[in-house]
Every structure is written in C-alpha cells, then in structure tokens.
Amino acid sequence: MAAEHVSLPVTSERLNSWKSRHAVDSAHASHSREGQDLQFRRALIVSAVITLVSWPTSVVAGTLITPYEDSEASFLHKLLPYIEWLPAAFSHAGDPIVLGVVGAERVFNALARMNQGRQVHGRSIEVRQLNAQDQVHGVHLLFFGAMAWSERMHWMPANVSSLVLVTNAPGGIDQGATIGFVSEGPRVRIEASLPAAKKAGVKLSSRLLVVAQRVVEAQK
C-alpha cells in the first residue's frame, strides 16, 4: 500500500514560525563562525608574541648583540632627548648630534642601527666608532666600554668641551662620567652626575634625574 502524503496548509502563523527558526539558526551559525575567527586571530597574536620574545636578539638585530649590550644602546638612544646642549656646542645650526663609542663595538652596532634617520632637538644623529684621539673633536656624547674607561684620559684633548661622558664601568659617575650604567642582573639602571653635566656644559632633564638610581649633586 502506497504511503499517504498529507499536505498541511501553509498558514501565516506557520510561515512566521519557520522564518523565526531560520533567523535564529542563522544567527547561531554566524556567531559560531565569528567565535572561531576570533579564536584563530588570538592564536596568531599569541604565536607572534611568543616568537618575538623567544627569538634570539642577535637574529632580530641583524648582528651579534647580547641583551645587556642592546639595553645599554637602548638607554643611550632614549636618553638623548633629555640632554640639552647649548647652541655653542655646534658649529652650524644644521650640525648633527654626534655620538662616539670607544671599546664597545656591539653597542656601536646597535646604536647605529637604532638611530638611522632619527632626529633629536631638530638635529640628525650621527654615530661614530672611534679609534684615535683626534676623532673626538666634534663628538657630543662619548660612550666608553668598561674595559676602555681606564684609558679615558688618553682620549680627552684639553680643548674639548660640551662632551658628555657615559660608561658602564663601576663607579663611573664618581670618576668624571656624566651618566653611568649599572647592571643589576638582567636590568640596566642609570646614575647621573650634575657636576659632570655642568662641566660638559649640558643640562640634564628632571625626567632623566627622577628615574636615575643615584644622582651626584652639585657641590654647594
């Protein structure tokens, strides 16, 4: 016996009910897809962050730089806006701020990379790796690696002025440095000397001094 098919009349109530169920199902499907897309995007972001954090510094920087040396270069990079040189420190209005590095090749490499195309106080930044005393002329900030700090007097011509000395040698600010870097485990902290800043003819911003671990005050 053939199955009997019963056709129900399509009333407005049945039509509205079907539309309502279809709309709910579509909303659930759309919400599910959005949720999956959001989870996927979050997974990509987490993956990228993990990659950047775990990626060796030497690969990211394009050169062999340890995290500590890169931190010193980063500090030098960030400190420049908080050091104010007098106009007399520059021969011409358009002269760059010149950073010299002695005895720290990897710091030089990182610093040169960070300051490409950068301007501070309306001046471009020039980074030099110094190999002879006569190259100090025209330098505004001179960084000595810890091993080279003991030879600093050989690098200091008598007529050099407006020169900010920075070093990571222990006790540097007690020996003439304007700014010193102190290593505390993986961290690098700064120290500052106001007498050395006065001698160099520069002004250190209060924003720099407030974050310094130690500040040598000017003698009264």
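The values are calculated or read from the model by the stated rules, or taken from the named source; none is laboratory data. Please read all numbers here as calculations on a predicted model, not as lab measurements. Ideal geometry is used to build each Cβ from the backbone, glycine not excepted, and the neighbour counts take in all protein chains shown. Areas reflect the complete protein model, heavy atoms only, side chains present, ligands, DNA and RNA absent. Shrake-Rupley method; radii C 1.70, N 1.55, O 1.52, S 1.80 Å.
Percent of alpha carbon pairs in segment 71-220 separated by more than 19 Å?
49
If you keep only loop residues by DSSP, which GluC sites (Glu not before Pro) in segment 170-217 have at most 10 other Cβ atoms within 10 Å of their Cβ?
E217
Would you kindly find the accessible area of S91, with a 1.4 Å probe and non-protein molecules such as ligands, DNA and RNA excluded, rounding to the nearest 10 Å²?
About 100 Å², rounded to the nearest 10.
With θ set to phi - 60° and the Karplus curve 6.51 cos²θ - 1.76 cosθ + 1.60, what are the ³J(HN,Hα) couplings of segment 113-127 in order, to the nearest whole Hz, using x for Gly and Pro?
5, 5, 9, 5, x, 8, 10, 9, 6, x, 10, 6, 10, 10, 10
Using the beta-carbon distance between A93 and R189 and R0 = 30 Å, what value does 1/(1 + (r/R0)^6) give for FRET efficiency, to the nearest 0.05?
About 0.25, to the nearest 0.05.
How many nm is it between the label spots at E217 and E105, if each spot is 7 Å from the Cα in line with the beta carbon?
4.4
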